[in-house]
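Undergrad: Starting off with a structure, shown below.
The values are calculated or read from the model by the stated rules, or taken from the named source; none is laboratory data. Everything quoted here is computed from the prediction, not taken from an experiment. With ideal geometry, Cβ positions are generated from the backbone for all residues, glycine too; neighbour counts draw on all protein chains shown. We work out accessible area using only protein heavy atoms, side chains counted, and drop any ligands, DNA or RNA first. Shrake-Rupley method; radii C 1.70, N 1.55, O 1.52, S 1.80 Å.
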Amino acid sequence: MLAAGTESDVYKVLLLLHILAVVVGIGSQFVNGLYGLQAKKRPGPGGRAVAEANYAVGSVAEYLIYSIPVSGILLVVASDDAWSFSDTWITLSFVLYAAALGIAHAVLRKNQRRMIALLAEMEAQGPPAGGPPPQAAELGRLGGQQAKFGAVMQLLTVALITLMIWKPGS
């Protein structure tokens, strides 16, 4: 068993890994909206390149994000009963994490893939004869969803970090 207590080196290394996963994994995704704005400012291949780079970084960040509950569970186990899975802040953290992961996969990542495909279609077709390309309306709709759900993700991130700091119900 990994019983070590909150002052042990084992616990502190796990805490470091947990915090790094949050900062690098979630932190890199926290600014996705800014990448979206930059992609929008660069029509054509430049905008698609920004969107593809953001998606690629998100794919790497996913692994760190998946490690967050693993390191969190190990921290509870290593805390030598300082923390319990029944503590309010830990239970809420798992619930909020699951909600964030659901939003990331059901909306944000799915929309990113579709937006990149639409941008590629627009490039392949060249400029439309008159008016906006047919993909523009869908891009606008998806961009609006990204903005709304991105804001929700930012609020969930702040809530999760707040729970880690104040530990209500412990």
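Undergrad: Exactly one condition in (1) farther than 22 Å from residue 155 by Cβ; (2) exposed (fewer than 13 other Cβ atoms within 10 Å of the Cβ) is false for residue 66; which is it?
TA: Among (1) farther than 22 Å from residue 155 by Cβ; (2) exposed (fewer than 13 other Cβ atoms within 10 Å of the Cβ), the lone unmet condition for residue 66 is (1).
Undergrad: Could you grab me the full set of residues in segment 153-170 that are open to solvent by 60 Å² or more (accessible area, probe 1.4 Å) and not aromatic (Phe, Trp, Tyr)?
TA: 154, 155, 158, 161, 165, 170
Undergrad: Next up: Starting from residues that are of a type in the set (S, T, N, Q) and in contact (Cβ under 8 Å) with a residue 24 or more places away in the chain, keep the ones in segment 8-51 and report whichever is farthest from residue 118 (Cα to Cα).
TA: 8
Undergrad: Let me ask you something else. Being in a helix (DSSP H, G or I) and open to solvent by 60 Å² or more (accessible area, probe 1.4 Å) is the filter here; which residues of segment 124-144 pass it?
TA: Within segment 124-144, 124, 125, 137, 141 qualify.
Undergrad: Do we find that residue 49 is open to solvent by 50 Å² or more (accessible area, probe 1.4 Å) and farther than 19 Å from residue 8 by Cα in this structure?
TA: In short, yes.
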